[in-house]
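The values are calculated or read from the model by the stated rules, or taken from the named source; none is laboratory data. Just so it is clear, the structure is predicted and the values come from calculations on it, not from any experiment. Cβ atoms come from the backbone with ideal geometry, glycine included; neighbour counts cover every protein chain shown.
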Amino acid sequence: MIDFKMLIGGDERIAAGEGWIDSVNPFTGKVWARVPRGQERDAIAAVEAAAAAMENPAWANITASQRGALLRKVGDLILDNAERLADLEVQDNGKLKAEMLGQLRYLPQHYYYYGGLADKIEGAVIPSDKAGMFTHTVYEPLGVVVAITPWNSPLLLTTWKLAPALAAGNAVVIKPSEHASVSMIEFAKLFLAAGFPPGVVNVVTGYGNECGAALVEHPKVAKIAFTGGDAGGKAVYQAAAKTLKHVTLELGGKSPNIVCEDADISQAVKGAVSGIFAATGQTCMAGSRLLVHEARHDEFVAALRAFVANAKMGDPMALDTQIGPVATLPQYEKVLDYVAIATAEGATLAHGGKPYRGSGCENGWFVEPTILTDVTNSMRVAREEIFGPVLSIIRFKDDDEAIAIANDTPYGLAAGVWTNDLTRAFRYTKALKAGTVWVNAYRVVSYAVPFGGFKQSGIGRENGQEMIKEYLQTKSVYINLEKDVPNPFVLR
Ligand code: NAD
C-alpha cells in the first residue's frame, strides 16, 4: 500500500489529525493507497498558503506572458507523465485506461490554450461621456480560488478550472474527491516542477463535510469552482453565500438522447452506447433517457441489445476493455436498487440488470449494462440521476412530444438528437433546454467550447475563451485630466 501526501505551500504534508482515507481499487475491491484525511486546520493552512502566494512578487508581479509560458511548460510535463497519471486514476476510480489515457494526452491542449490566452485579456479605454476624464478598465485576478472536484474524471475536471484560473493570475486550492485523490496529488507536483511558485497550486485531501466545508467557509477565498452532485452543489452554494463568494457549479443531469424517425439506426445505437455505457454511465452528461420514435422503437432496441451483448467487460487496465466496474460499493448498490425500483414502477428489463461475475471480474463492482423499456418520464429512473450503466428508453410519437419529454426535467446539462433532416435538427437545437446539444454525436467536449448546465445542472460555464472572465474581476479607472474638481456635493 502506498501513502500519498497533501501539497500545501510547496510542502508535502499529512493531515493535522494524522488520519487517513483508504483508496479502494474498484476492480480488485482491495485497498491500494491512502491519502490524508484533511481537517479544518489543513484547509486553513492551504488557503493561507494560496493567499501568501498572491502577495509573493514571484507570482503577483510576473507578466501575463510569463504566466502563459509556465502553463505551456505544464502542458509538456503532463504529456511526459500521461501514462503514469492515467494508471493512478484507473486504480483510484476504476474507469477505463483507454479513456483516462486519452484524457491525459488531451489535457496539455487546455494548458496550451489558456497559456496562449493569458496575455490576451485586454481591458478597454472607454470614450466615456465624462469630459476631462481618461477612463479605462483592467481585468484583475479574484485571488484565492478553491476547486472542488468529483471522482469520475479527476484531472480533466480539475483542469477545466485550474488552467483558466492560473492564466488569470489566481492561486488555487484543489479539494479532489475522497474516492479518487491520488492522481491529483501527483499532478500538482508538475506545477512546482514547471516553475510555479510554491502556494500557487495546493492540494488538500479529505471529506467534503470536513476540509471541503472549511474551504468554502474561509473568508479569504474569493471563488468556489465546484463539480459534483446536486446535494453537494447546493450545500456549497448556500455556505458560499455567507461571505458572498463567486461560485460556479457543474452539476449532474438526466440528459435526453433522441432518436428521430429518420435516424440512421446503426449510428444512433453507437450514440446511445457512448451516452450511457461508456464510462459505465458514470458521467455527468450521460444520455440516460433515450427517447425513440415509436416507429423505430423495436428495431432500435434489438440493435442496441445486440451491440451491448458483445461489449467486453473486464479489467479497466486492459486497453481492449469496453465496460469497467462502478467506482464505489455504495454506487454499485445504488445502481442495482434503481433497477428494482424501475421494474416495480412498471418498466420492462430488456437487458442486464444484475451484478456481472464474468471471468476476472469476481471481486470488482461490476453491473451488467442495463436497458429498461416501457419507461415513462414520471418514473424515478427517468427523473433521478443514477450515475451508472442504466438506460431508460421512452417512446414518443412526434417531435413535439419528444421535445416536451426531453425538457420535462429539473436538469439541463446536455442533449443528443439523431436525425438526417437538417430542418428538424435545427428545430431541436433551438427547442432543447440544455447547455450542450449534439446532433448525430454524443459525449464530445473541447477545451475551446463552453460547457455547463441550464436549470439545476449548474451555474456558469467552463472551457472556451469567454469563461476566463469567471476568474477575473473588472476594475474601472477614472483619471481626472483637469485641475479643477467641480461641485463636490453632486454626483458627476
Ligand atoms: P459529490 O457531490 O459527492 O462530490 C464532489 C466533490 O464535492 C467531492 O470532492 C466532495 O468531497 C465535495 N463535497 C461534497 N459536499 C461538500 C460540501 N458540503 N462542502 C464542500 N465540498 C463538498 O459528487 P461525486 O459523487 O464525487 O461525483 C458525481 C457527481 O458529479 C454526479 O452528480 C455528476 O453528474 C457530477 N458531475 C458533474 C460534471 C459537470 O461537468 N457538470 C462532471 C462530472 C461529474
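Which residues, counting only those in segment 283-297, are among the charged types (D, E, K, R) and either crowded, with 19+ Cβ neighbours inside 10 Å or in a strand (DSSP E or B) (or both)?
Arg289, Arg296 - these are the residues of segment 283-297 that are among the charged types (D, E, K, R) and either crowded, with 19+ Cβ neighbours inside 10 Å or in a strand (DSSP E or B) (or both).
Could you list all residues from segment 432-461 that are touching a Lys or Arg at 6+ places or on another chain (Cβ under 7 Å) and either of a type in the set (Val, Ile, Thr) or crowded, with 20+ Cβ neighbours inside 10 Å (or both)?
Those that are touching a Lys or Arg at 6+ places or on another chain (Cβ under 7 Å) and either of a type in the set (Val, Ile, Thr) or crowded, with 20+ Cβ neighbours inside 10 Å (or both): Phe451, Gly452.
Output yes when any residue across segment 422-431 is surrounded by 12 or more Cβ atoms within 10 Å (Cβ to Cβ) and either in a strand (DSSP E or B) or within 23 Å of the chain's Cα centre (by Cα) (or both), and no when none is.
The answer is yes, given that some residue of segment 422-431 is surrounded by 12 or more Cβ atoms within 10 Å (Cβ to Cβ) and either in a strand (DSSP E or B) or within 23 Å of the chain's Cα centre (by Cα) (or both).
Among the strands (runs of 3 or more DSSP E) contained in segment 89-192, which hold 2 or more residues that are within 16 Å of the ligand (Cβ to nearest atom)?
It comes to 144-148, 171-175.
Filter segment 298-316 for residues that are farther than 19 Å from Lys354 by Cβ and buried (at least 18 other Cβ atoms within 10 Å of the Cβ) and give the result.
Scanning segment 298-316 gives Phe300, Asp315, Pro316.
In this structure, does Glu40 turn out to be acidic (Asp, Glu), more than 28 Å from Gln282 (Cβ to Cβ) and in contact with a helix residue (DSSP H, G or I) (Cβ under 8 Å, 6 or more places away or on another chain)?
yes
Here are the criteria: (1) surrounded by fewer than 16 Cβ atoms within 10 Å (Cβ to Cβ); (2) modelled with pLDDT under 95. Tell me which single one Asn152 does not satisfy.
Tallying (1) surrounded by fewer than 16 Cβ atoms within 10 Å (Cβ to Cβ); (2) modelled with pLDDT under 95, Asn152 fails exactly one: (1).
Can you find a residue that is part of a loop (DSSP other than H, G, I, E, B), within 30 Å of Gly353 (Cβ to Cβ) and within 15 Å of the ligand (Cβ to nearest atom) anywhere in segment 265-281?
No, because not a single residue in segment 265-281 is part of a loop (DSSP other than H, G, I, E, B), within 30 Å of Gly353 (Cβ to Cβ) and within 15 Å of the ligand (Cβ to nearest atom).
Hey, any hits in segment 409-426 for a residue that's in contact with a helix residue (DSSP H, G or I) (Cβ under 9 Å, 6 or more places away or on another chain), of a type in the set (Gly, Ala, Ser) and away from the ligand (no atom under 15 Å from the Cβ)?
Yes, there is a match, as at least one residue in segment 409-426 is in contact with a helix residue (DSSP H, G or I) (Cβ under 9 Å, 6 or more places away or on another chain), of a type in the set (Gly, Ala, Ser) and away from the ligand (no atom under 15 Å from the Cβ).
Yes or no: segment 465-479 includes at least one residue that is at pLDDT 95 or above, closer than 19 Å to Tyr411 by Cα, under 22 Å from the mean Cα position of the chain (by Cα) and part of a loop (DSSP other than H, G, I, E, B).
no
Please go through segment 329-367 and give me each residue that is part of a loop (DSSP other than H, G, I, E, B) and either among the hydrophobic types (A, V, I, L, M, F, W, C) or crowded, with 20+ Cβ neighbours inside 10 Å (or both), ordered by number.
Residues satisfying the conditions are Ala347, Gly352, Gly353, Cys361, Gly364, Trp365, Phe366.
Just to be sure before I move on: is Leu290 of a type outside the set (Phe, Trp, Tyr) and out of contact with any strand residue (DSSP E or B) (no Cβ under 7 Å at 6 or more places or on another chain) in the structure I sent?
No.
Test each condition in (1) in a loop (DSSP other than H, G, I, E, B); (2) surrounded by fewer than 24 Cβ atoms within 10 Å (Cβ to Cβ); (3) within 10 Å of the ligand (Cβ to nearest atom) for Lys234 and report the one that comes out false.
(1)
Any idea how many residues of segment 212-223 are more than 8 Å from the ligand (Cβ to nearest atom) and either surrounded by 19 or more Cβ atoms within 10 Å (Cβ to Cβ) or hydroxyl-bearing (Ser, Thr, Tyr) (or both)?
Residues flagged as more than 8 Å from the ligand (Cβ to nearest atom) and either surrounded by 19 or more Cβ atoms within 10 Å (Cβ to Cβ) or hydroxyl-bearing (Ser, Thr, Tyr) (or both) within segment 212-223 amount to 5.
Anything in segment 235-273 that is within 27 Å of Asn377 (Cα to Cα) and within 16 Å of the chain's Cα centre (by Cα)? List them, or say none.
Selection gives Leu249, Glu250, Leu251, Gly252, Gly253, Lys254, Ser255.
Does Ala239 count as within 16 Å of the ligand (Cβ to nearest atom), under 30 Å from Ala303 (Cα atoms) and not hydroxyl-bearing (Ser, Thr, Tyr)?
For Ala239, the condition - within 16 Å of the ligand (Cβ to nearest atom), under 30 Å from Ala303 (Cα atoms) and not hydroxyl-bearing (Ser, Thr, Tyr) - is not met.
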